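Comments concern the structure below.
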Amino acid sequence: MPSIEEFSKFELKVAEILDVQPHPNADRLYVLQIKVGEARKQIVAGVKKYYSVDELKGKKIVIVDNLDPAVIRGVESQGMMLAASDGTDLTIVTPERSIPDGSRVK
């Protein structure tokens with residue numbers, strides 16, 4: 001089991017989704033442009049089956065902000081959006097109240 005020190009290495013932050021586009025090489029993925037404080041990033045997320053473009057734009061989400069970039073089906077992803085799934089349905093992890101993007105999740 002991971003220790004609290006290992007867990008604390010992950011930087012979880014609130015981000016705002018600015019734009020959503022279908023992934024050019026995958027039917028189930030979106031390419032999201034997000035704002036994390038002053039930084040702009042791009043992430044790839046497999047939520048197309050569960051969310052429309054309009055449902056995602058402007059949504060505040062929680063991301064893992066300090067992962068090494070990964071190339072997913074030819075598109076760079078600079079973080080990971082958190083979501084919960086029971087195997088049938090999926091829901092994005094979002095802050096309960098309004099809070100500025102870039103805020104650290106502790």
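Quick note: the coordinates plus some simple rules give every number you see, no bench work behind them. Just so we're clear, the structure is a prediction, and the values are computed from it rather than from any experiment. Methodologically, a virtual Cβ is constructed for each residue, glycine included, from the backbone with ideal geometry; neighbour enumeration extends over all protein chains shown.
The string of couplings for the stretch 26-38 from the Karplus curve (6.51, -1.76, 1.60, θ = phi - 60°) is 7, 6, 9, 10, 10, 10, 9, 9, 10, 10, 10, x, 7 Hz, one whole number per residue in order, with x for Gly and Pro. Can you tell me the relative contact order of the chain? Whole percent, Cα pairs under 8 Å, sequence separation 6 or more. RCO, the chain: 31 percent. Across the stretch 5-32, the residues whose backbone nitrogen lies under 16 Å from the label position 7 Å along the beta-carbon direction of residue 42 are 18-26, 29-32. Counting Lys and Arg as +1 and Asp and Glu as -1 over every other residue whose Cβ lies under 14 Å from the Cβ of residue 15, the net charge comes to +2.
As a rough guide to protection, the peptides 51-62, 83-94 ranked by mean Cβ packing within 10 Å, highest first, stand as 51-62, 83-94. A value for P(r) over Cα pairs in 10 Å bins from 0, in percent was derived from the coordinates, and within the list [x] 13, 25, 21, 24, 16, 1; [y] 15, 47, 33, 6; [z] 16, 53, 28, 3 it appears as [y]. Rounded to whole Å, give me the distance from the Cα center of the stretch 83-102 to that of the stretch 21-51. After rounding, the separation between the Cα centres reads 15 Å. Rounded to the nearest 20, the Cβ-based charge dipole of the stretch 4-95 about its Cα centre (Lys and Arg +1, Asp and Glu -1) stands at 260 debye.
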